Amino acid sequence: MLDLSPDWGVILTHFAPELILVIGALGLLSYDLYVRGKDGLQPWITLGVLLAAALATGWLYTMDPAEVFEGRSAGEVFRSGAFLSDSFTHFFRLMSVLTAGLVTLSGIAYMRGKTAFKGEFYAFVLFAALAMNLMAGANDLIVIALGIEFLSLVSYILTGYIREDRLSIEGGLKYFLYGSITSAAMLFGLTYLYGIAGSTSLPVIAEAVRQPENLVVTHLSTFIVPAALFLVLAGIGFKVAIAPFHQWSPDAYQGAPTPVTAFLSVGPKAAGFAVMMRLFITVFGTPELSATWLGVLGALAGLTMILGNVAALTQSDVKRMMAYSSIAQAGYMLVGIAAFGGTALMGTTPLGAVLFFILAYLFTNLGAFAVIIAVDRLTGSSSVSAFAGLSKRSPFLAIALTIFFLSLIGIPPLSGFFGKFAVFGAAVASDMFGLAVVGVLTGVVSAVYYFQIVKTMYFGDPAEGGALRPSPGVVFVVATALVMTLIIGLVPQPFIEIANQAVTALEPIAGSMVAR
Amino acid sequence: MNAVPLGHWLLLTTALFGVGAAGVLLRRNVMIVLMSVELMLNAVNIALVAAARAHGQIEGQLFVFFSLTVAAAEVAVGLALVVAIWRSLGRTDVDDVSVMHG
């Protein structure tokens with residue numbers, strides 16, 4: 001065992017973003033306790049806490065790990081910890097802060113008046129960001145299980161947040177029922193992994209599965225490892241909403257308060273893929289071991305892309321349509337993971353492509369949802385007909401939503417195009433032509449349902465003619481998302497480099513690197 | 001000392017997990033579904049303790065404490081949702097709770 005006597009300096013430094021989020025969330029709860037309803041400061045406190053967490057993450061980004069660990073190699077400390085604070089974690093820390101921040105900003109006006117429990121809502125947003133951070137850095141089965149459960153519980157509560165709204169609690173209950181079943185399955189899978197390897201630490205498990213003769217139940221391990229992986233995949237697949245674990249998502253998305261829907265479409269997906277990559281690539285990423293799950297992952301990716309894009313065609317509620325759309329997007333991300341063994345393309349590794357895709361998707365999807373939040377708040381409905389004549393009632397929102405949809409379809413030069421190009425390129429490079437073809441074809445199908453809404457916005461007759469005035473928060477989020485969608489599309493190189501640097505932490509662990 | 005081999009524990013827990021899963025899939029009352037989920041989680045706990053004993057170490061038993069806590073938190077959230085549904089609907093059957101579909 002390494003000498004890991006508690007070095008508080010190191011611990012505080014590397015947990016800084018998480019500590020800030022915990023203190024911020026608890027502080028917000030106590031603040032709300034004493035000044036409940038007297039002012040509207042809660043969202044601004046939330047944004048302040050998120051900004052502090054972002055700054056702390058940026059500070060960690062620039063830090064040389066060797067300095068922090070006072071001579072011990074970063075690899076030694078990192079490999080043995082239950083929580084890793086490496087470039088991969090930093091990337092997803094930024095993702096979680098960005099998601100929570102943009103959701104908060106676009107949801108301020110929407111949540112005002114919807115509920116008496118404002119402070120708790122924003123505290124849960126902070127807790128959700130914290131849970132995503134924990135998932136991204138988890139290097140131990142216990143931390144993985146706790147992180148996923150933490151995010152799940154927070155998501156159930158946020159989905160059912162408006163108690164007076166039938167749809168909200170129905171969405172929350174369905175989300176909860178599916179979630180508790182899949183998380184029990186995932187825990188069972190994690191237990192099997194622990195049982196065969198004799199440790200909950202990912203590097204130790206990695207070492208154990210590379211020497212099958214040392215496993216505890218050798219005669220069963222050829223069967224148990226794939227079974228355990230499939231059970232774990234059910235739990236993670238539920239979080240990221242890939243078929244066939246997606247059934248909760250249309251109901252939860254439709255029922256949840258719209259800002260929460262925006263959060264669900266990005267936050268849990270990003271964090272779930274972070275866990276999936278960390279577990280499947282670092283532990284089961286060698287050519288022999290990955291043979292047991294790559295085929296399943298590829299098949300699920302194909303199924304997810306087809307199902308998401310086809311089911312979205314017939315939806316009459318925009319939030320529900322976006323649920324299927326985000327299922328399809330998860331399928332594209334999964335393609336990149338299934339192709340992880342492939343060679344580099346366009347200067348990106350396949351996993352770098354996935355991270356780049358998630359980054360592009362975050363801004364585009366949250367921007368689209370900011371528009372939906374505004375329309376939902378101002379018209380009181382999220383059905384497609386509520387968008388009729390939006391081009392006359394608010395030209396800014398209509399143009400912005402059109403651009404976001406073009407990016408989600410994957411039209412150059414928007415960010416979504418490069419995301420898709422990178423993951424499908426990775427699929428082709430690793431001889432998965434089938435997946436790339438399915439992805440491109442279903443992408444064409446997706447144009448149909450996005451353009452149904454664009455058509456309604458530009459050629460539909462509005463039920464009422466008044467101009468819609470989005471709140472300043474929504475305008476800010478839409479503008480930011482527009483700028484980022486264009487910048488990532490026009491100048492993708494710096495973002496590709498960030499994504500590539502983040503996945504350097506994800507090399508499959510070689511046996512010799514493990515410190516026991 | 002290790003009288004019962006690990007394989008037997010695995011069979012027991014798999015069976016228990018299967019019973020719980022069957023309850024989740026077949027029963028329609030939300031309360032019974034919640035109880036079935038608890039059964040699945042208890043299968044996990046038994047498997048963890050058995051594996052920890054087989055390995056002669058404590059990590060698995062630590063895991064059980066976390067797993068128990070998570071199960072309690074999950075039930076708290078689930079019951080809150082069930083109460084909210086009960087207030088608005090007067091019933092708690094899974095099939096009744098479906099305004100949304102498609």
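The values are calculated or read from the model by the stated rules, or taken from the named source; none is laboratory data. All values reported here derive from a predicted model rather than from experimental measurement. Glycine gets a Cβ as well: all are built from the backbone with ideal geometry, and neighbour counts include every protein chain shown. With ligands, DNA and RNA removed, areas are computed over all heavy atoms of the protein, side chains included. Shrake-Rupley method; radii C 1.70, N 1.55, O 1.52, S 1.80 Å.
One table, with the values for the structure above:
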item: Test set (1) modelled with pLDDT of 90 or more; (2) among the hydrophobic types (A, V, I, L, M, F, W, C); (3) more than 26 Å from A:Ala136 (Cα to Cα) - A:Val216 fails condition number; result: (1)
item: Within region B:16-31, tally of residues that are at the interface with chain A (Cβ under 7 Å from one of its Cβ atoms) and of a type in the set (A, V, I, L, M); result: 1
item: Residue selected from region A:157-173 under the condition facing chain B (nearest Cβ under 7 Å) and among the charged types (D, E, K, R), by the criterion least open to solvent (accessible area, probe 1.4 Å); result: A:Glu170
item: Residues of region A:367-380 satisfying the condition of being over 15 Å from A:Ala398 (Cα atoms) and either out of contact with any helix residue (DSSP H, G or I) (no Cβ under 9 Å at 6 or more places or on another chain) or modelled with pLDDT of 90 or more (or both); result: A:Arg377
item: Index of the failed condition, A:Gly341 passing every other in (1) part of a helix (DSSP H, G or I); (2) over 21 Å from A:Ser415 (Cα atoms); result: (1)
item: Test: B:Val49 is at pLDDT 85 or above, assigned to a helix (DSSP H, G or I), surrounded by 15 or more Cβ atoms within 10 Å (Cβ to Cβ) and among the aliphatic types (A, V, I, L, M); result: yes
item: Checking A:Phe417 against (1) part of a helix (DSSP H, G or I); (2) over 30 Å from A:Pro494 (Cβ atoms); (3) in contact (Cβ under 8 Å) with a residue 24 or more places away in the chain; (4) open to solvent by 50 Å² or more (accessible area, probe 1.4 Å), the condition it does not meet; result: (2)
item: Answer from A:Leu408, A:Leu441 - the residue that is outside any loop (DSSP other than H, G, I, E, B), of a type outside the set (D, E, K, R), closer than 25 Å to A:Arg393 by Cα and modelled with pLDDT of 90 or more; result: A:Leu408
item: Leading residue by the ranking (surrounded by the most Cβ atoms within 10 Å (Cβ to Cβ)) among those in region B:54-67 that are in contact with a helix residue (DSSP H, G or I) (Cβ under 8 Å, 6 or more places away or on another chain) and more than 8 Å from every other protein chain (Cβ to nearest Cβ); result: B:Val64
item: Yes/no for B:Leu39 being at the interface with chain A (Cβ under 8 Å from one of its Cβ atoms) and part of a helix (DSSP H, G or I); result: no
item: Enumeration of residues in region A:120-131 that are farther than 13 Å from A:Pro259 by Cα and in contact with a Leu (Cβ under 6 Å, 6 or more places away or on another chain); result: A:Ala123, A:Leu126, A:Ala129, A:Leu130, A:Ala131
item: Scope region A:101-120; condition open to solvent by less than 10 Å² (accessible area, probe 1.4 Å) and over 17 Å from A:Pro472 (Cα atoms); matching residues; result: A:Gly119
item: Criterion (in contact with a strand residue (DSSP E or B) (Cβ under 9 Å, 6 or more places away or on another chain) and at pLDDT 75 or above) met by exactly one of A:Thr57, A:Thr89, A:Thr99, A:Thr13; result: A:Thr89
item: Selected residue (criterion: modelled with the highest pLDDT) from residues of region B:1-15 that are more than 10 Å from chain A (Cβ to nearest Cβ) and assigned to a helix (DSSP H, G or I); result: B:Ala15
item: For A:Met322: the one exception among (1) under 18 Å from A:Gln254 (Cβ atoms); (2) of a type outside the set (Lys, Arg); (3) in a loop (DSSP other than H, G, I, E, B); result: (3)
item: Matching residues, region A:89-146, being aromatic (Phe, Trp, Tyr) and either more than 18 Å from A:Leu279 (Cβ to Cβ) or within 14 Å of chain B (Cβ to nearest Cβ) (or both); result: A:Tyr110, A:Phe117, A:Phe121, A:Tyr122, A:Phe124, A:Phe127
item: Failed item in (1) free of Cβ contacts under 8 Å to residues at least 60 places away in the same chain; (2) open to solvent by less than 10 Å² (accessible area, probe 1.4 Å), with A:Ala398 passing the rest; result: (1)
item: Condition broken by A:Glu149, with the remaining ones in (1) open to solvent by 10 Å² or more (accessible area, probe 1.4 Å); (2) more than 23 Å from A:Val10 (Cα to Cα) satisfied; result: (1)
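The rows are residues; the columns are (1) open to solvent by 10 Å² or more (accessible area, probe 1.4 Å); (2) within 13 Å of another protein chain (Cβ to nearest Cβ); (3) touching an Asp or Glu at 6+ places or on another chain (Cβ under 7 Å).
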| site | (1), (2), (3) |
| --- | --- |
| A:Ala208 | yes, yes, no |
| A:Phe223 | yes, yes, no |
| A:Lys239 | no, no, no |
| A:Pro244 | yes, no, no |
| A:Phe280 | no, no, no |
| A:Leu289 | yes, no, no |
| A:Thr292 | yes, no, no |
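Residues are listed down the side, and each one gets a yes or a no for (1) more than 7 Å from every other protein chain (Cβ to nearest Cβ); (2) under 20 Å from A:Gln247 (Cα atoms):
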{"position": "B:Val33", "(1), (2)": "no, yes"}
{"position": "B:Ala51", "(1), (2)": "no, no"}
{"position": "B:Thr69", "(1), (2)": "yes, no"}
{"position": "B:Gly78", "(1), (2)": "no, yes"}
{"position": "B:Arg91", "(1), (2)": "yes, no"}
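This table checks each residue for (1) of a type in the set (A, V, I, L, M, F, W, C); (2) within 18 Å of A:Ala185 (Cβ to Cβ).
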residue	(1), (2)
B:Arg27	no, yes
B:Asn45	no, yes
B:Ile58	yes, no
B:Val64	yes, yes
